[in-house]
Amino acid sequence: MWHYAFRVICGLIFFYLIAPILVIIPLSFNAQDFFTFTPEMLHLDPAGYSLKHYHDFFNNIDWQLPLWNSLKIAPMATLIAVALGTLAAVGLSQSHVPFKGAIMAILISPMIVPLIISAAGMYFFYSRIGLQGTYWGVVLAHAALGIPFVIITVTATLVGFDKSLTRAASSLGAGPLRTFWKVQMPLILPGVVSGALFAFITSFDEVVVVLFMGAAGQKTLPWQMFTGLREQISPTILAAAVVLIAVSIFMLAALEMIRRRNERLRGLTPA
């Protein structure tokens, strides 16, 4: 009895989390400029459905410019987060590093500190050095938010790493860089890619920091959606939300494939 009750509880929790997202998808095909289901939609009348909001999203410069800004900012922020996060995780995996716990706590603090506090701190810091309101200021701010995800995923991968492999490579004459790229990096690559996906999603969906750090020229897609809800209430926001949902689902599916491949390589699951 408890077995079936547990399934019912899990199903209710799943429905509670997913239902708000599922409602948005059919609403984005509304033929009217409403945020509610029309009688035609409820009766499944084809006249009640339309692609006009998607047409507006992919053809209106007010939406295309923020989309391209997001696509320019997120990859660069991800690249920086992966580089710095991977180096930090590899460094903290060494047994001789002092105060590893304190250093780890500081590095993952952007995940713990409320985002509004981080955004305000970044605003005052970057304004002093002239990066507030610039492309690189937004990129570095988003990279700071993505680094903790990279550190956590790479650190989890390094837990099962056999350090005797690096010692064997060193004994055969390989330098530290060659050992890292030829021996260590291929084995921790699933963790690096997983962290990169999380960092990309964090940057692509982030709105609070970019409101503090960005100027009008760095308006991202989440920023446009936020201001649209406050100022003009355009139903095109629903189409943009579905696009973001599709991107997130694709990223999570890729992450799951990488996780399963990593388990097969480690022999945790059958091939």
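Structure values in brief
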read-out: Members of the stretch 146-183 found to be within 30 Å of Ile112 (Cβ to Cβ), touching a Ser or Thr at 6+ places or on another chain (Cβ under 6 Å) and either free of Cβ contacts under 8 Å to residues at least 12 places away in the same chain or of a type in the set (S, T, N, Q) (or both), listed by number; value: Thr153
read-out: Matching residues, the stretch 205-227, being of a type in the set (A, V, I, L, M, F, W, C) and assigned to a helix (DSSP H, G or I); value: Val208, Val209, Val210, Leu211, Phe212, Met213, Ala216, Leu221, Trp223, Met225, Phe226
read-out: Subset of the stretch 1-45 [loosely packed, with under 10 Cβ neighbours inside 10 Å and among the small types (Gly, Ala, Ser)]; value: Ala5, Ala19
read-out: Candidates Trp63, Trp68 - the one that is closer than 30 Å to Leu211 by Cα and without any contact (Cβ under 8 Å) to a residue 40 or more places away in the chain; value: Trp68
read-out: Checking Asp33 against (1) under 17 Å from Thr236 (Cβ atoms); (2) in contact (Cβ under 8 Å) with a residue 60 or more places away in the chain; (3) assigned to a helix (DSSP H, G or I); (4) not aromatic (Phe, Trp, Tyr), the condition it does not meet; value: (3)
read-out: Total residues in the stretch 115-142, condition assigned to a loop (DSSP other than H, G, I, E, B) and in contact with a Leu (Cβ under 9 Å, 6 or more places away or on another chain); value: 1
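Conditions (1) part of a helix (DSSP H, G or I); (2) over 22 Å from Pro26 (Cα atoms), marked per residue:
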{"position": "Lys182", "(1), (2)": "yes, yes"}
{"position": "Ser194", "(1), (2)": "yes, yes"}
{"position": "Ala199", "(1), (2)": "yes, yes"}
{"position": "Ser203", "(1), (2)": "yes, yes"}
{"position": "Leu229", "(1), (2)": "yes, no"}
{"position": "Ser234", "(1), (2)": "no, no"}
{"position": "Ile245", "(1), (2)": "yes, no"}
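None of the figures in this text is laboratory data; all of them are computed from the coordinates on show. Computed from a prediction, not measured in an experiment: that's the story for all the values here. Reconstructed Cβ throughout: ideal geometry from the backbone, glycine too, with neighbour counts over all protein chains shown.
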